[in-house]
Each structure stands twice: as structure tokens, then as C-alpha cells.
1. Confirm whether residue 33 is in the same structural domain as residue 200 (by TED's automatic domain parsing), within 26 Å of residue 196 (Cα to Cα) and basic (Lys, Arg).
2. Can you tell me which residue in the range 226-256 is modelled with the lowest pLDDT, limited to those that are outside any loop (DSSP other than H, G, I, E, B) and among the β-branched types (Val, Ile, Thr)?
3. Against the condition outside any helix (DSSP H, G or I) and in contact (Cβ under 8 Å) with a residue 40 or more places away in the chain, how does residue 116 come out, does it pass?
4. Only one of these is surrounded by fewer than 16 Cβ atoms within 10 Å (Cβ to Cβ), modelled with pLDDT of 85 or more and either among the aliphatic types (A, V, I, L, M) or within 16 Å of the chain's Cα centre (by Cα) (or both): 223, 142, 130. Name it.
5. Just to be sure I understand, how many residues within the range 66-86 are under 18 Å from residue 42 (Cβ atoms), free of Cβ contacts under 8 Å to residues at least 60 places away in the same chain and not small (Gly, Ala, Ser)?
6. Any residue at all in the range 41-58 that is closer than 28 Å to residue 246 by Cβ, surrounded by fewer than 18 Cβ atoms within 10 Å (Cβ to Cβ) and in contact with a helix residue (DSSP H, G or I) (Cβ under 8 Å, 6 or more places away or on another chain)?
7. Sort through 259, 195 and tell me the only one that's buried (at least 23 other Cβ atoms within 10 Å of the Cβ), modelled with pLDDT of 95 or more and not in a loop (DSSP other than H, G, I, E, B).
Amino acid sequence: MTAERPRLIALDLDGTVLNEDGTIEPATEAAVRAAAERGHEVMFATGRSWEHTEPIMERLGLTPSYAVCANGALTLRRLPDGSYERFQIETFDPEPALRKIRGHLADGRFMVELPDGSRLYTNGMSDWDLTRATEVEFDGLLGTPVTRIVVVSPEHSEEEFLRVVEQIGLHQVAYAIGWTAWLDIAPAGVNKAVALERVRERLDIPASRVVAVGDGRNDLEMLEWAARSGRGVAMGQAPSEVHAVASESTGTVAEAGLAAVLDGLPD
């Protein structure tokens, strides 16, 4: 059965669709595929780069009209031939934030993502996928507009990292703390919700038919946006502040909590 009135279903990737080891629960995969087959607009809204998002779309057989990457700084649009173009790109000067953070985190490790999807990183980012990435000295990160900064601080626990970040005071950028001690920085005023509202308007889908599901602090704005008229769903393992802005909660990613949401959608 095909939905007569499609929903816009915006899904975070890591911790929502993907387990921490990159696997997908069979029930989750089946539910995502089924929602798309019913005619809903199932798309990803992720902190990942496009290069690390597209393979997951292909794996799940998804061909949405849009994809939101880099926490809203990059929106891709599908072309008639099935390929995707960089439709909306938001950039900022990384130097002020990088210098301020480095002053507080002497052992920090840094990465920036450029508008074309390539990345520059400093020594020590060995736990990250470094495809299309070039190692540089710290000063090599400066002087070029970027869509995203990633900061890793392996010597800090998540709680300690949160305290350090609060002390830094980042005013010209937006930031979110990842699963562990890493900081994701985007242009000020840019987040998943801003990009998704632009997509919703272009697709002419009512706000009441929006469903967004996520688990991280970079999903706060997205879930709050969706919950205003539609459904903003927090995954079971999400931090308390994420549950606080969501309109409802589901099971953890390991429990295929996303499947419970999607399988229960009335068309």
C-alpha cells in the first residue's frame, strides 16, 4: 500500500539507524525500507559527511529527494539522473574557534571539513575514517572556509569535556557534543532543523506530517522542530536533555527502537 499523503521522515544515522560498530539491526533495516516503499520521504539528517552518508543510503536502497549532512551545513539534492548535487552549503571561518579551543585543550586533535567534502586533520585522528583527508600542522587548518570542525580530546571523559566546553564560550558558532569526548562545530545558526525546514517547504509536506528521530545533542533542534507540529522521537539511549525536547521516546538503537516508530506509523 502506498501512502496517499507522504510523511517527511528525517533520521539521524549514528545511534539511530546505525549501532556504534556500524551495523544495522535487521528489524531497523526492514522498517526503513518498508517506510520508503510505502511512499514516505525517508531521508537522513546526520553529522556525517556526504561521502560517509551516501553508502548507507545505497545499502538501504534509499533515493530521497534530499539529504542533510554536516549537521545541516550541507544539503544534497537528487538530480533527474539519480545523482546528487551540493544544493546548499554553509561555511564559516574556523580560525577564531580553533584558536580558542586549542588554548583550553592543549592535547586536542582537530579536523575541518571543506565545502567539497575533503578534510584536513592534525596528528592523532587515527580513530576516524580518513578517506579524502590530508594530515596538516595546526596552522594548515586555518585560512579556508569550512562547513564543520571536529575536535577530539581523548584525555577527557564526556562530563569533563562538557565542563571544558562551557568554559571556552563559543559565540560565533554552533556546537554539539558527540557520543564521547568530541566536539562538532558548525556555522552559527546552522543545524539540522534549519536545513530540514528548508527541505520540508520545498517538498510541500505539512509540518504535522514530519517525523524526526535522533539520539544525540546535535539532534536537539531537529527533535524540537519536529515536535512542534509533528513527532520528534528520542532514542532510548539519548541523554536526558534530548528526551526533554522530544515529544516521545522509543527503545535504544540495539533494541531497534527506530523500527518500533516506523512500523507503527499510520499511513
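1. Against the criterion (in the same structural domain as residue 200 (by TED's automatic domain parsing), within 26 Å of residue 196 (Cα to Cα) and basic (Lys, Arg)), residue 33 qualifies.
2. Pass one, the range 226-256, residues outside any loop (DSSP other than H, G, I, E, B): 226-229, 231-234, 240-245, 248-249.
From what's left, among the β-branched types (Val, Ile, Thr): 233, 242, 245.
Working: 233: 98, 242: 94, 245: 97.
Applying the filter and picking the extreme gives 242.
3. Details: outside any helix (DSSP H, G or I): yes; in contact (Cβ under 8 Å) with a residue 40 or more places away in the chain: no.
Here the answer is no, as residue 116 does not meet what is asked.
4. Values: 223 fails: surrounded by fewer than 16 Cβ atoms within 10 Å (Cβ to Cβ); 142 fails: surrounded by fewer than 16 Cβ atoms within 10 Å (Cβ to Cβ).
Selected residue: 130, the only one of 223, 142, 130 that is surrounded by fewer than 16 Cβ atoms within 10 Å (Cβ to Cβ), modelled with pLDDT of 85 or more and either among the aliphatic types (A, V, I, L, M) or within 16 Å of the chain's Cα centre (by Cα) (or both).
5. Of the residues in the range 66-86, 5 are under 18 Å from residue 42 (Cβ atoms), free of Cβ contacts under 8 Å to residues at least 60 places away in the same chain and not small (Gly, Ala, Ser).
6. No - not one qualifying residue is present in the range 41-58.
7. Working: 259 fails: buried (at least 23 other Cβ atoms within 10 Å of the Cβ).
The match here is 195.
The values are calculated or read from the model by the stated rules, or taken from the named source; none is laboratory data. Note that the coordinates shown come from a computational prediction; the quantities given were computed from them, not determined experimentally. Positions of Cβ are backbone-derived with ideal geometry, glycine not excepted, and every protein chain shown enters the neighbour counts.
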